[in-house]
Structure formats: C-alpha cells, structure tokens
Amino acid sequence: MHLRSSQDLEVEAAGAAEAINMSSHIEAIGPLPGDDSRERKLPAGQDGLIRLERVHKTYRLGDIEVHALRGVSLQIGRGEFVAIMGPSGSGKSTMMNIIGCLDRPTKGQYLLEGIDVSTVDKPGLADIRNKKVGFVFQSFNLVPRTSALENVELPMIYAGVGSSERKRRARAALNEVGLSNREQSMPNQLSGGQQQRVALARALVNNPSLILADEPTGALDTRTSVEVMEIFQRLNRERNLTVIVVTHEPDIAQYAKRIIQFRDGRIHRDFAVESRKDATQVLAELPPEGDDEDQS
Ligand code: ADP
Ligand code: MG
C-alpha cells in the first residue's frame, strides 16, 4: 500500500514545519543553546554516529497495520556519505524520519551519538533535532514571501540566537552555497536549484552533525542536481559532515560513498560505491547551461 504524491508532500511539509518550528519547545526543555553536556558522552571506542538495532515501525490505518520497517539494523559513522535507495513504499522516508528524530520506532532501539533516542519524549526529540540534524526535502519547503536570508535565519530564531549573530551566520551559510547575491530574493524569484541551495543553507546554520536529504534532486534538472551534489560532497569532505540522501536516481547515488537499498521495510543490500563520482569534475564536463538561473 503506497501513500505517494500529495500525501507524501503533506508528510514532508509537516516534517519541515516541525523541523524548523521548535519555538514552543525551547522554553519547555530548559537547556540553552550551547549547553550540550547531556549529549557529549559517547561510549569509549564507539564513533558510530547512528545506530539502529532491530527497528520496527508500524502504522495503524483503522484496522490495517502497515509494517513500514521490519527490523532494520544499521550503523553509520561520522563523515559517511550514504545514499538510500529502494522502491516507493519500501520504508526509506520512514527510516529518515526516525534518524532525524521526527518520529520514533514502534520497536527496537535508535542511538544518535550514543543517546538512546527511542526513549526520549517529544520536546526532547525537538531539542536533539534542532541541534544535530539539518533537513533538506524534495519540495524545498521554504517559507513563501520571506527572503532567502530570513529563511536561513529561521532555525536560529527557534534556537534563540541573537539578531546580529543570526544575520552573520545566515550570510555565511548563503555564501557557502554560492548565493551571496540573492539574500533579499523571495523564494518565487529563485530557480529550483537556487531554492534548494537556500534550503541547504538553512539546514546548515545550526551546525548539525548530520544532514538528511529526502530526494533533494527529485524536482531538479540534471545540471542543477549535480550542483546540489557538489555542495553535499564539499560539506562532507571539508567539514566531515555526515550526509544521508534518499534518491531513486542511480546516477545521484554514485556521488555517495555507500549505498543502502531498501526492500519491503528491510535492508536488501548495503555496499560501498566503487567508482565514486566527483561532482566538481562532472560539472566541468557538462555543457554550460544558462537558463536555470534567475527565472524571476
Ligand atoms: P518510501 O519513502 O520508501 O517511499 P515510506 O517510508 O514513505 O516509503 O512508506 C513505507 C510504508 O509505510 C508505505 O507502505 C507507506 O504507505 C506507509 N506509510 C508511510 N507513512 C505512513 C503514515 N503516516 N501512515 C500510514 N502509513 C504510512
Ligand atoms: Mg519517501
């Protein structure tokens, strides 16, 4: 049974809204931004950033139980770049939602940096998410009629960062994705590729340990897709940022270091990419194309 298209989009939109709307939780949980003492303890000798142990997720639709995940065990270390593949309905987004602390397993254990997330309550999840995870979605999920700069500032507003620091960090993040000249542009004045880069900058500003991207190039043309992958590869290389990308495009998966294939709620294959593609090199070889810029 597949929930696709509009329903998928709704889930994504809700996820994004949740992911960036932490304001109501911040007061409730107490620890201020920067106080991450609680999360710092990693068991000795364990550098696994992500660890799933026999994770199940069951959705209930009236009388019907949908087994979205059927016992997934998985470890992902810091600095990995993983592509998640598999047919529609195989559990990819469900797993991303669990890894991103948008949802919890029905059964099994999930540890993020050594913290057992399966037992954390909702405000606690929001807190972890805000500090550790940056989300990127197929549909960009920018706030309309709000400038690129303000969109990038949003997660910092929820994290309680002061105005001038916010502006400084938002500008730096936009610069990092090559959009310094579009700070004041509204989303509808930007091309798809530019909107996705704003979304990437927004995902980066709280300095997450982990970037989760669910079909980030699904709505983009070839060149723009490679440009987005170039940014992921650069962040992964230069900042040792862990990147997990869901994609159904085999070409896109070749930019990752490791591919995990899902089938029917289980891991079907998990393997290293042998001849990994370098986005910078691919871009240099693609014919130049001017019409995806500035379609305002
Ligand atoms: P994928 O991302 O690989 O396409 P999903 O993780 O979105 O797969 O979905 C896995 C299964 O769980 C599908 O059968 C889907 O219909 C079902 N599912 C996903 N989200 C929900 C939900 N919120 N309620 C009920 N069923 C869901
Ligand atoms: Mg999905």
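The values are calculated or read from the model by the stated rules, or taken from the named source; none is laboratory data. Since the model is a prediction, treat every value here as computed from it, not as a measurement. All Cβ positions, glycine included, derive from the backbone under ideal geometry; neighbour counts span all protein chains shown.
Some notes on this structure:
- Residue within region 82-93 that is more than 16 Å from ligand 2 (Cβ to nearest atom) and closer than 15 Å to V243 by Cα present: no
- Leading residue by the ranking (farthest from G124 (Cα to Cα)) among those in region 52-105 that are in contact with a Phe, Trp or Tyr (Cβ under 8 Å, 6 or more places away or on another chain) and among the acidic types (D, E): E65
- Among the residues of region 83-95, the ones that are more than 6 Å from ligand 1 (Cβ to nearest atom) and out of contact with any helix residue (DSSP H, G or I) (no Cβ under 9 Å at 6 or more places or on another chain) come to 2 in all.
- Qualifying residue in region 55-72 (condition: modelled with pLDDT under 90, under 27 Å from D251 (Cβ atoms) and surrounded by 15 or more Cβ atoms within 10 Å (Cβ to Cβ)): no
- If the condition is being in contact (Cβ under 8 Å) with a residue 60 or more places away in the chain and within 9 Å of R202 (Cα to Cα), then region 143-157 contributes L154, P155.
- The listed residue being at pLDDT 95 or above and away from ligand 2 (no atom under 14 Å from the Cβ), out of E153, E113: E153
- Counting the residues of region 61-76 that are within 9 Å of ligand 1 (Cβ to nearest atom) and under 30 Å from A272 (Cα atoms) gives 3.
- Restricting Q261, Q189, Q194, Q254 to those that are in contact with a His (Cβ under 6 Å, 6 or more places away or on another chain) and either modelled with pLDDT of 95 or more or of a type in the set (F, W, Y) (or both) reduces the list to Q261.
- Annotation note: of E183, E249, the sole residue that is within 16 Å of ligand 1 (Cβ to nearest atom), surrounded by fewer than 24 Cβ atoms within 10 Å (Cβ to Cβ) and either over 16 Å from the mean Cα position of the chain (by Cα) or over 21 Å from C101 (Cβ atoms) (or both) is E249.
- Selected residue (only one of A201, A256, A279, A272 is free of Cβ contacts under 8 Å to residues at least 60 places away in the same chain, away from ligand 1 (no atom under 16 Å from the Cβ) and out of contact with any helix residue (DSSP H, G or I) (no Cβ under 6 Å at 6 or more places or on another chain)): A272
- Meets criteria (away from ligand 1 (no atom under 16 Å from the Cβ), surrounded by 22 or more Cβ atoms within 10 Å (Cβ to Cβ) and within 19 Å of T217 (Cα to Cα)) for F135: no
- Applying the criterion of being acidic (D, E) and outside any strand (DSSP E or B) to the residues of region 190-227, the residue that is nearest to V246 (Cα to Cα) is E215.
- Within region 208-226, considering residues that are among the charged types (D, E, K, R) and closer than 18 Å to L286 by Cβ, the one farthest from ligand 2 (Cβ to nearest atom): R223
- Looking at region 59-166, the strands (runs of 3 or more DSSP E) lying wholly inside it that each contain 3 or more residues that are within 25 Å of Q233 (Cα to Cα) sit at 64-77, 81-85, 133-137.
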